[in-house]
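See structure below.
The values are calculated or read from the model by the stated rules, or taken from the named source; none is laboratory data. Please read all numbers here as calculations on a predicted model, not as lab measurements. Methodologically, a virtual Cβ is constructed for each residue, glycine included, from the backbone with ideal geometry; neighbour enumeration extends over all protein chains shown. Accessible surface areas use protein heavy atoms only, side chains included; no ligands, DNA or RNA. Shrake-Rupley method; radii C 1.70, N 1.55, O 1.52, S 1.80 Å.
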Amino acid sequence: MRATPLWCSGLVSVLALLLVISAAVGSVPVTLLQAGQIVLGHLVPGMPWMVDGSLTPLQDQAVWQFRLPRAMLAALAGAGLALAGALMQVTVRNPLADPYILGVSSGASVGAVSVIVLGSAALGGLSLNIAAFAGALATCVAVALLARSSGTVSPTRMILAGVALGTLLSAVTSYLTISTDAQNVVGVLFFLLGSVSAATMSSLLGPAIALVVACTVAALWSRSLNALMTGDESAISLGVDPARLRILLLVVASLLTGTIVSVAGGIGFVGLVVPHIARILVGADHRRMLPLTVIGGAVFLVTADLLARTVAAPTEIPLGILTAFVGAPFFLWLMRRDGAEKAGFGR
């Protein structure tokens, strides 16, 4: 148990440093010290460097209005997607589960792309974010209904229903993309590949609330999650209702994914890779691995966003491309190393 606080403390320190570095990196020159001063100056009134002329309005605007919201959205999205992946892996008792395998991300993409291609008016005035959220929620409900058999939710049927619906919804997204005007294609592709470049302070509220709710549910049911991983019969003997718990986890993970995808687009591999790393580091007990998963997901995506902005500057690489390039080889390496059994690949 001692390893978990150490890992969490270390990762929180790394995350804080990454946020400051992200706030300093950009076309407007800002040092690490100045970035830290601007952030602290907005959080704590009366700081002298905010009024003595040592910081220009352009530096303040670049850090507080553009770079910091972007880095914070990447942190929230990474933490949320990693937690959603961990919850879905418990729900279906499958180490390969993540928000994409159950079709939730595909549903959100259909909603968002429909607004881009057809226009908000054609969808009753829905904004892109709300349409993406509605698409994720509708997919979640459909998967739960299709997976229900004889009053219980089957993990195998859930995966099959998610894969089938995800494939169908991806086909719908592809059709909408090829049938739209050329001027809309770039916007569609950027959404599908993921980006936090349009983040504002107000856009952080939805993901933050969803993450707090999901973390609360995960903390309250962490012992039940351990029981569910041992099998339905063992869980029932320990007083856990597997069907009700699966529905709760599916709803929470889907709402979390839908909220994040609606503001950050499709970002893969976070929910697949990060939970496995956490299990290798601190074990499969969800009381230990879930906190590490949340913080690790935030560190992973803030790092990826920082690389996406700087590797090919001034061109920005979509986040989904970068996480796939990093995540896929790392996941294959993870699968073949000695700790694979500990991470759940042996099931």
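Odds and ends about this structure:
- Relative contact order for the chain, counting Cα pairs under 8 Å that sit 6 or more residues apart, in percent: 27 percent
- Anisotropy class of the stretch 1-136 from Cα gyration tensor, a/c 1.5 cut: oblate
- Between Ser9 and His42, the FRET efficiency from the beta-carbon distance, with R0 = 25 Å, is close to 0.50.
- The stretch 191-347 - percent relative contact order, Cα under 8 Å, separation 6 or more: 30 percent
- Alpha-carbon centroids, the stretch 30-92 and the stretch 234-287: separation in whole Å: 26 Å
- Three semi-axes of the equivalent ellipsoid, the stretch 178-230, Cα gyration tensor, whole Å, largest first: 37, 17, 7
- Simple spin-label estimate for Val213 and Arg157 in nanometres, 7 Å along Cα-Cβ: 2.6 nm
- Overall size of the chain from C-alpha positions, given as principal axis extents largest first: 69, 55, 37 Å.
- Full extension of the segment from Ser149 to Ile21, taken as 0.36 nm per residue of separation minus the current Cα-Cα distance, would add 41.0 nm.
- Value of [θ]222 nm, deg cm²/dmol, for the chain, DSSP H segments ≥ 4, -39500 (n - 2.57) each, nearest 500: -23500 deg cm²/dmol
- Peptides ranked, highest mean first, by Cβ atoms within 10 Å: ranges 105-111, 201-207: 105-111, 201-207
- Taken over the stretch 240-340, the ratio of Cα radius of gyration to 2.2 N^0.38 Å equals 1.22.
- log₁₀ of I(q)/I(0) at q = 0.17, 0.20, 0.22 Å⁻¹ - the stretch 145-267, Debye sum with one point per alpha carbon: -1.02, -1.17, -1.25
- Span-rule helices in the chain, defined as complete DSSP H runs reaching 24 Å or more along the axis (Cα) with Kyte mean at least 1.6: 3-24, 128-147, 242-264, 319-336
- Accessible surface calculations at 1.4 Å, restricted to protein heavy atoms, place the chain at 45 Å² per residue.
- Ordering of 88-100, 3-15 by burial proxy (mean other Cβ atoms within 10 Å per residue, highest first): 88-100, 3-15
- Over all directions, the projected convex hull of the C-alpha atoms in the stretch 6-62 averages 4.3 nm² in area.
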